[in-house]
1. Wholly within the stretch 1-111, which helices (runs of 4 or more DSSP H) include no fewer than the required count, namely at least 2 residues that are small (G, A, S), open to solvent by 20 Å² or more (accessible area, probe 1.4 Å) and modelled with pLDDT under 85?
2. Can you tell me which residue among D536, D511, D484 is surrounded by 20 or more Cβ atoms within 10 Å (Cβ to Cβ) and either over 21 Å from F637 (Cβ atoms) or modelled with pLDDT under 85 (or both)?
3. Report every pair of residues separated by at least 6 positions or lying on different chains whose Cβ atoms are under 8 Å apart, first residue within the stretch 343-355 and over 17 Å from R294 (Cβ atoms), second aromatic (F, W, Y) and at pLDDT 85 or above.
4. Condition test on V384, is it in contact with a Ser or Thr (Cβ under 7 Å, 6 or more places away or on another chain), closer than 30 Å to I119 by Cβ, modelled with pLDDT of 80 or more and aliphatic (A, V, I, L, M)?
5. In this structure, does T578 turn out to be modelled with pLDDT of 90 or more and either crowded, with 19+ Cβ neighbours inside 10 Å or within 35 Å of the chain's Cα centre (by Cα) (or both)?
6. Go through the stretch 555-569 and count every residue that is over 14 Å from A518 (Cα atoms) and either among the aliphatic types (A, V, I, L, M) or surrounded by 18 or more Cβ atoms within 10 Å (Cβ to Cβ) (or both).
7. Which one of Y329, Y325 is part of a helix (DSSP H, G or I), at pLDDT below 90, over 17 Å from S284 (Cβ atoms) and under 22 Å from the mean Cα position of the chain (by Cα)?
8. Could you go through the stretch 406-421 and let me know if any residue there is surrounded by 15 or more Cβ atoms within 10 Å (Cβ to Cβ), modelled with pLDDT under 75 and more than 30 Å from Q62 (Cβ to Cβ).
Amino acid sequence: MIVIVNRLRSGGVLAAGLGLLLLLALVLPVRAETTSTASLLTDHGVLALQRSDQRYGLASLQHSSGFMPVAEGPELKDALQQVPGRQYDLTPDFRQHHRYWLYATVVNNTGNSDWVLHISNSGFQQPRVLVRSQSGTLLQTISNQGYAAGTDINVIGRALRVHLPPGETSQIVVELTAYHFVWHPYIALMSGTEYDAWSRQMSAAFDVAIGMNLGMIILGFICWLLVSERTFFWGALSSLLLLGYYLEHSSLPALLWQYDYEKNTLFWALVSACQLSMLAFAGSFLQVSRDTGRWYQLFRASAVLTVVVFLLALPFEFSIKSLLYSFNYMVVWIVILSSGIAKVKAEGRYYIIYILGWLPLILSTLQVIVELVFSSEGVDEVTVSYKMISVLYVQALHVLIHAVALILRVKALREEKLYMEYLSQAKSRFMAQSSHDLRQPLHSMKLYLDSLRPYIREEKAEALFSGLQKNQQQMNEAFTSIMDLNKLEAGAVSADIRPVPLSEIFSRIGDEFQLQAAEKNLRFNLHQCSLLVCTDPVLLERLLRNLISNAIKYTDSGRVVVGCRRRGKQVEIQVMDTGRGIRPDEQGRIFDIYQRAAGAEQDSGSAGIGLSVVKHIADLLGLPVSMVSLPDKGSTFTVAVPLAGGTDKVQPLTVSKQPLSVVLILENQALAQELAQRLQRWGCKAEILTSLAEACGRHTGLLLCDYHHLKRTDLSPDDRQGWQVAACICPAGEEAAAPWVSLTEPVLPARLRALLNFALRQSKAGDKAVT
């Protein structure tokens, strides 16, 4: 203005006039943009509320200004003095601007004044609402807790009750604040009655979905505890973590601990844990192990990649993290699906259902990734989304399909196990029946070799004859081991427990193995022991022979040492060698005849069942066997035997020097005769009766009947007075009531032996009570 005045004074009237016109042209539009509130709010269209049973969307370009970015300074109470001069879009970017205002004008043409403003998505930090009508102004903050007057938190967002007088026009400004990525907000007006009904329907659907998922997760953990199948554990854990991931987006965190929905390190750790647990479940279901080769390497590489992505993404912003995790998810899904497809091609069956179980989850995840990476632009209206509820049903479907696949897998594995047990029993019966036919040719071969010995004169023939004798000896030893193992598996071997001096056993085996060690240029040191132990001398000697023979066989140089160490009331008999040793990954299965170490099979022509015989004998005698081994350094096997006269002394199945009496009442007479013969071999007095009535009032250490006899007979406590232990053989799914002890069919020798030991302890306790 000073310049204009000076120009006027100097006579530049034309120039001053032009300058004044230019100044007015710049000032007048600014005044129009900041003062014409009513005209600008109605330029986008007034939202007319015509019905009380309908939801009206405010996030629409027809009824609102769009989301206008706002700096930190202006306050919401002054928003109606700072209305936007243009229309904005409906896709706010909270990573660029943390605060947005949305303007709308509504007219209430209904007779209802009780309305609810709903804001979907719980990721905002306490939205605020300004409502101005002819009746007054409302400025309200929707807190995270939802306990403030007039506010509420529902399944998919938050709500505020507002008063809109009938027939009046109201101006509404919604303020949203966030510091991270947030899904496009759905904002709607509805009557209080409509909101209550709508909220109840969403809550019911949400609660049902949560209940379904939690029920199947708990069932998975229970199945894991009952059947000790790791796949159930990993399936339940992955479902639990995935459920936690979904619930992080819901209103529950805000209700429980005022969660601000910031995608912090804990959130990304949860995402990584979900991927790792899904890899573990897939690997366990598909039985991926070191033996599966490349699939094991791929699963391990995917797990390592997941950990690396988690650590690498920590310093980056949300968009970069989203890209990294999207890539990680894609790799994980490719590994899981490709391994499953390979399994389907190889075996088919329930693996097809396993593949189908991943599809709902994969499609849902891909939808999220597409929305994150390729967020929509230029939408005219933000509509309601029930994704928070639908994903829970997607997960429930995923878990249900995999549960079906798991049940089929367990069923198939059980059938395979039963078939293998049938083959094992058939093998045992065959070996028992053909043992005589196999032993006779071996014995005849030895006789022929002994008869041929005087006719061998040439040095070359002597070498051939020596090799033939050695092969015959190996065949005989292998056959004896097979027969021993067959008898032990069939329960045909009984233990004769008595005090035994270890010196007698050591003396018998010392000279024999001294010669075997000398043939391989090994030193064999056997340290004599004068201790007295309580065990079966024949079985203990057989056990030691197998250990020493195994040590000599797999030791190429050095020595084999046998000695004793007294440990309290036990004696530890140790067999040490300087042989090849056993790799750590093979030590857990070295006692299993069917899973011997590959190196031992290649380097020796042995049948490889010596350690399996050792394990069976040790289980029969109740002797713990331990092993310490280092590859290329040697091995040490230790057997702990109780000292004679100690409290840990193993007793034969007798009570007060009398055999334990057992009464058998079974409909299957063949089974009764078989059990009676086995019990008699074990030193028991067995008697077969035809009914439980005959056994009433009898004094016996153990009564064993079947389920049919028990159900047909009504017994009183007085009828069972003389029975120390009463047991019943029950079919699958049935169980005898207390105080009966239930046995499942078939009755294995180990279970029967344990039952006899229990009856023996009960009988001894009864004798002490009488005395």
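The values are calculated or read from the model by the stated rules, or taken from the named source; none is laboratory data. Computed from a predicted model, the values in this text were never measured in an experiment. Here the Cβ positions follow ideal geometry from the backbone for every residue, glycine too, while neighbour counts run over all protein chains shown. Ligands, DNA and RNA are stripped out before the accessible areas are found, and what is left, the full protein with its side chains, is counted by its heavy atoms. Shrake-Rupley method; radii C 1.70, N 1.55, O 1.52, S 1.80 Å.
1. Passing ranges, in order: 13-35, 37-43.
2. Only one candidate passes the filter, namely D484.
3. Sorted first by the residue in the stretch 343-355, then by its partner, the pairs are Y354/F285.
4. Yes.
5. It is true that T578 is modelled with pLDDT of 90 or more and either crowded, with 19+ Cβ neighbours inside 10 Å or within 35 Å of the chain's Cα centre (by Cα) (or both).
6. Counting residues in the stretch 555-569 that are over 14 Å from A518 (Cα atoms) and either among the aliphatic types (A, V, I, L, M) or surrounded by 18 or more Cβ atoms within 10 Å (Cβ to Cβ) (or both) gives 2.
7. Step by step, each of Y329, Y325 is checked, and only Y329 is part of a helix (DSSP H, G or I), at pLDDT below 90, over 17 Å from S284 (Cβ atoms) and under 22 Å from the mean Cα position of the chain (by Cα).
8. Within the stretch 406-421, none of the residues are surrounded by 15 or more Cβ atoms within 10 Å (Cβ to Cβ), modelled with pLDDT under 75 and more than 30 Å from Q62 (Cβ to Cβ).
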